[in-house]
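Let me begin by presenting the structure, written as structure tokens, before commenting on it.
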Amino acid sequence: MLTATLTLAIFTMLGISSLAIFWAKRVKLPHTVFLVVIGLVLGVTAQFFPTFGFLSEFHLTPELLFYLLLPTLIFESAYNISARRLVEDTTIILMLSVLGLLVSTTVIAIALYYGLLWFGFGVPFMVTLLFGALISATDPVAVLALFKEYGAPRRLSLIFEGESLFNDATAVALFLVLLAVAEHGYNGFDTILEGTISFTSMLIGGVIFGVIVGAIFAKLIGLARENEIASITLTIVLAHVTFILTEILSHHLSFAGFHFYLSPIIATTVAALLMGNYGRSKIHPRAEEFVENLWSQLAFMANSLIFILIGILFVSVPLLEPTMLIVVVLTILIVATARAISIYPLVIGYNALVSNARRIPTSWQHLLSWGSLRGALAVTMVLLIPDSLTFPGWSLSMSPKEFLLALTVGCIFATLFIKATTIQWFMKLLRLDVLTELETMQGHEARALMHHEVTDRVTRYEKRGYIEPEVAAMLRERHEAAYKAACATIAEPSTKTLALRVLRLFAIGIEKRHLKELYHHNEVNERVYRRLNGKLQLQAEAIELGNLAPNMSIHTDGKDIFESIAAYIHTLLAKETEAERIKDLYMYYRAQTIISRKVLKELNTLDKESAEHIFSPDALEHVIDLYTTFKNQSQKKMTDLGQTETIVADEFSKQLAIAGVHTIEENVLHELFERQLITPKLYIALKEELD
């Protein structure tokens, strides 16, 4: 029940977690670790000072974690994953998240069972098996926050994130199957068959249901595209509705005497992946950035509450008793060993099957093993265990649930205070934080552009009287020196190819930005936008890998899995007419002409001398020639098509003119409102009139 003191506790924790961002930097601790420390302090304070007793009113419950906080964390993480890159590493991600988790669970269960026996603790094997399942899932939020802060390689971060998301789902599926066996007993082959069906249906059914719900919401967001508030709200609804609907459906889905379960974590992950990749373009550009910031904020709040509450929970768990301390230390060592066993053999086997370019380096394997932090999901699964659960011959003073909770909290604390605090040192030791050659060159060119722009603006501000001449001279001297240093590095003969790759990527970035503007102003439809965006994405990926002559005619390679599914469904349900095909083709050539022209304009905006210093003359000349060719070819194709298909071209030109005028009206109206030249009431009335 929500009370005034409970509400105060929630907002007190959120306020403290916000300030903790700055405090954590001062004490040089990762933010999540520092939040646990704060939770410990708050837990002790609430126990010994009655005034702060309200803090203990808010505590972790299965419902809070499962229906509110967990969907938020899962959706935010999956929403920002590139499905293309995920598909490229599907094999290793599935190996680690399914096989790796099963290996880890088995090793922990067997080693802990016999280890506890050796120390004189007779614990049923089913208890250690349950613990193995719940503790083998890694926490993506805590790990990736550190990876992002310390600069881990992008592909390694993606593998870790993919593994974390999917082994969360595998762990919960396995845990629920084992919990059902623990509650109802083992009945031989029937139990094995039922458990196998449940486990399989959770994974496969979760994927199918996630695709269905994600596709429905992507369609709804597309329909509500012009209403930014509605599309933003629908993404929030999607995350939690997917999770809760999956859970409800799992309780009512049965066939031929078997009960089929669906994994809410898998369903939410897949729905978020679909929305973050295929559905993202359906969100209005003005809302897209807000959606990303909103989900980052929600994830921060959910993560903050979880780790503070874990710290508070630690105070009530009997970990410091001498006997339990031995058990917890033994458990921590076994869990760390099991993680290593679940990583190295599988990755070695994977490396033997793939090309050199796709292999996982040894240094990455070390980080995959060491960086496996535990967090919210492990606590969630422990809290799902009924208080009444017991086993024949159970002799410990605490219940099985309390025993598993103590082990879980102990392992979480060990991973946070030992592993999380040493990940930066570990990455430096393995040289995983070192920039690639391409990133280094991008850094030099970025510095050159930045210092050139600063020097130019300082001169302008001095002329307008905003900056004193002495200060302007000092700033110019400083930034001109930095500019020349960056340009000198770029001009080295050994960097010629790298400079060209960076400039090509810079040009593709300009194309993408202006393509999105055309889509925003309805000058290209969704089909054309997706084709051109896919083409640019393929070119960028090829150039990143060192291929400076990518295939310029392909728009997809099948890795955009949701795009491929949508395109297949579209061909089945909607046949494109000849008029629509011609219109799309004209729109396509026109858009290519415009974005090529925009690249040339931006490159020529810098004065020729400065541009040649920043980008190197050869690279600049090559890219300008290339985009001049692109522009001329597209313009010719558009002109030829307009001459052969006069009626369609004329009609489309008319539509574009009307849309262009409408855009001007909208922009002027928005500017008048921003300058407070019209009232909110009048703004709404005029906007409705325009719509």
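What does the charge dipole of the chain about its Cα centre add up to, to the nearest 20 debye, if the Cβ of each Lys and Arg holds +1 and the Cβ of each Asp and Glu holds -1?
On the way: 55 positive and 65 negative charges, 199 e Å.
Its charge dipole is roughly 960 debye.
Report Rg/Rh for the stretch 57-122, rounded to two decimals, where Rg is the Cα radius of gyration and Rh the Kirkwood radius.
On the way: Rg = 18.3 Å, Rh = 15.5 Å.
Computed over Cα atoms, the ratio is 1.18.
Among Phe300, Pro361, Ala481, flag the residue with its Cα farthest along the positive direction of the charge dipole of the chain, charges on Cβ as +1 for Lys/Arg and -1 for Asp/Glu.
Ala481
Can you give me the % of accessible surface on the stretch 387-449 that is carbon or sulfur? Probe 1.4 Å, all protein chains present, nothing else counted.
Numbers: 1770 of 3100 Å².
Solvent-exposed carbon and sulfur of the stretch 387-449 make up 57 percent of the total.
Restricting to Cα atoms and excluding each atom paired with itself, what does the Kirkwood estimate give for the stretch 164-315 in Å?
Numbers: mean 1/r = 0.0583 Å⁻¹.
That comes to 17.1 Å for the stretch 164-315.
Taking a 1.4 Å probe, which of Met95, Met587 shows the most accessible area, and what order do the others take after it?
Output order, biggest surface exposure first: Met95, Met587.
Any of Lys428/Lys535; Lys148/Lys219; Lys219/Lys601; Lys598/Lys637; Lys428/Lys496; Lys219/Lys654 with alpha carbons more than 26 Å apart? Name them for me.
Numbers: Lys428/Lys535 37 Å; Lys148/Lys219 32 Å; Lys219/Lys601 36 Å; Lys598/Lys637 18 Å; Lys428/Lys496 29 Å; Lys219/Lys654 28 Å.
Beyond 26 Å between Cα atoms: Lys428/Lys535; Lys148/Lys219; Lys219/Lys601; Lys428/Lys496; Lys219/Lys654.
Looking only at trypsin sites (Lys or Arg not before Pro) in DSSP loops with at most 11 other Cβ atoms within 10 Å, what is the longest site-free stretch of the chain?
On the way: sites that count: Lys28, Arg431, Arg464, Lys575, Arg675.
After excluding every exposed loop site, the longest remaining stretch is 29-430.
Can you tell me how the stretch 608-691 classifies by the Cα gyration tensor, rounded, prolate or oblate, using a/c under 1.5 as the rounded cut? Before the final figure, lay out the partial values.
Numbers: a/c = 6.87, a/b = 1.44, b/c = 4.77.
Oblate is the answer for the stretch 608-691, as a/c is 1.5 or above yet b/c matches or exceeds a/b.
When all C-alpha to C-alpha distances in the stretch 215-302 are sorted into bins of 5 Å, what percent of pairs does each bin hold, rounded to whole numbers?
Histogramming the stretch 215-302 at 5 Å steps yields 3, 14, 22, 22, 16, 10, 7, 4, 2, 1, 0 percent.
Among all helices in the chain defined by DSSP H, which have a length of 30 Å or more along the axis from Cα atoms plus a Kyte-Doolittle mean of at least 1.6?
Values: long enough: 4-27 (33 Å, 1.43); 154-184 (45 Å, 0.93); 189-223 (50 Å, 1.69); 228-250 (33 Å, 1.65); 285-316 (48 Å, 1.03); 322-353 (48 Å, 1.84); 437-463 (40 Å, -1.18); 469-490 (31 Å, -0.03); 496-520 (36 Å, 0.06); 578-605 (40 Å, -0.63); 617-644 (40 Å, -0.83); 646-674 (42 Å, 0.26).
For the chain, where a helix must reach 30 Å along its axis and average at least 1.6, the hits are 189-223, 228-250, 322-353.
Given +1 on the Cβ of Lys and Arg, -1 on the Cβ of Asp and Glu, and no further charges, what dipole in debye does the stretch 577-649 carry about its Cα centre, rounded to the nearest 20? Mind showing how you got there, number by number?
Values: 10 positive and 12 negative charges, 63 e Å.
That gives a dipole near 300 debye.
Along the charge dipole of the chain, Cβ charges K/R +1 and D/E -1, which of Ile423, Ala271, Ile614 sits furthest on the positive end?
It is Ile614, whose Cα lies furthest towards the positive end.
Quick check on the stretch 506-595: take the gyration tensor over C-alpha atoms, sort the square-rooted eigenvalues as a ≥ b ≥ c, and tell me if it's rounded (a/c under 1.5), prolate or oblate. List each step's numbers first, then the result.
Values: a/c = 2.05, a/b = 1.30, b/c = 1.58.
Oblate shape, in that a/c is at least 1.5 and b/c is the bigger or equal ratio.
How much of the accessible area of the stretch 457-525, probe 1.4 Å, is carbon plus sulfur, in whole percent? Can you show the working numbers first?
Details: 2120 of 3900 Å².
It is 54 percent, rounded to a whole number.
Is it possible to state the helix-based mean residue ellipticity at 222 nm for the chain, with each DSSP H run of 4+ residues giving -39500 (n - 2.57), the sum divided by total residues, to the nearest 500 deg cm²/dmol? What is it?
Details: 28 runs with 520 residues, N = 691.
Mean residue ellipticity at 222 nm (helix-derived): -25500 deg cm²/dmol.
Name the residue farthest towards the positive end of the dipole of the chain from the options Ala567, Ile197, Leu432, assuming +1 on Cβ of Lys and Arg, -1 on Cβ of Asp and Glu, about the Cα centre.
Leu432
Normalise the Cα radius of gyration of the stretch 110-187 by 2.2 N^0.38 Å (N = residues in it) and let me know the number.
Working: Rg = 16.7 Å, N = 78, 2.2 N^0.38 = 11.5 Å.
Here the Cα radius of gyration is 1.45 times the empirical estimate.
Please report the relative contact order for the chain, taking Cα pairs under 8 Å with a sequence separation of at least 6, and give it as a percent rounded to a whole number.
Contact order relative to length: 16 percent.
Extending each Cα 7 Å along its Cβ direction at Ile204 and Thr571, get the distance between those two points in nm, one decimal.
Placing both labels 7 Å along Cα→Cβ, they lie 2.5 nm apart.
How far, in nm, would the chain grow between Asn547 and Lys654 when pulled straight, counting 0.36 nm per residue and subtracting the alpha carbon separation?
Values: separation 107, 0.36 × 107 = 38.52 nm, distance 4.06 nm.
Contour length minus Cα-Cα distance gives 34.5 nm.
Skip the ligands, DNA and RNA, and give the accessible area per residue of the stretch 126-230 with a 1.4 Å probe, whole Å².
On the way: 4030 Å² over 105 residues.
Per residue, the stretch 126-230 has 38 Å² of solvent-accessible surface.
How would the stretch 551-691 be classified by its alpha-carbon gyration tensor: rounded, prolate or oblate, with rounded meaning a/c under 1.5 and the a/b versus b/c comparison settling the rest?
Details: a/c = 1.77, a/b = 1.11, b/c = 1.59.
Here the stretch 551-691 falls in the oblate category.
Given [x] 34; [y] 39; [z] 26 as candidate values of percent of Cα pairs over 44 Å apart, which corresponds to the one derived from the coordinates?
Here the calculated entry is [x].
Let me have the relative contact order for the stretch 191-292, percent, based on Cα pairs under 8 Å that are six or more residues apart.
Worked out over the stretch 191-292, it gives 43 percent.
Probe of 1.4 angstrom, ligands and nucleic acids ignored: what's the accessible area per residue over the stretch 485-585, in square angstrom?
Here the per-residue accessible area is 51 Å².
For the cross-link pairs Lys631/Lys687; Lys282/Lys631; Lys484/Lys636, which exceed 30 Å when the distance is taken from alpha carbon to alpha carbon?
Values: Lys631/Lys687 36 Å; Lys282/Lys631 28 Å; Lys484/Lys636 41 Å.
Going by Cα-Cα distance, Lys631/Lys687; Lys484/Lys636 fall outside the 30 Å limit.
Charges at C-beta only: +1 for Lys and Arg, -1 for Asp and Glu. How large is the resulting dipole of the stretch 456-544 about its Cα centre, in Debye rounded to 20? Present the calculation step by step, with values, prior to reporting the outcome.
Numbers: 17 positive and 13 negative charges, 73 e Å.
The dipole magnitude comes to about 340 debye.
Per residue, what volume in Å³ does the convex hull of the Cα atoms of the stretch 241-348 enclose? Could the numbers behind the result be given before it?
Working: hull volume 25.3 nm³, N = 108.
Looking at the stretch 241-348, the number lands at 235 Å³ per residue.
Restricted to Cα positions, what overall size does the stretch 172-257 have along the principal axes? Three whole-Å values, descending.
Here the spans come out as 58, 22, 17 Å, largest first.
Roughly speaking, what is the centre-to-centre gap between the stretch 507-529 and the stretch 445-467 when only Cα atoms are used, to the nearest Å?
Cα centroid of the stretch 507-529 versus Cα centroid of the stretch 445-467: 30 Å apart.
The values are calculated or read from the model by the stated rules, or taken from the named source; none is laboratory data. All of these numbers come straight from a predicted model, not from anything done at the bench. Here Cβ is always computed from backbone atoms with ideal geometry, including for glycine, and neighbour counts include all displayed protein chains. Areas reflect the complete protein model, heavy atoms only, side chains present, ligands, DNA and RNA absent. Shrake-Rupley method; radii C 1.70, N 1.55, O 1.52, S 1.80 Å.
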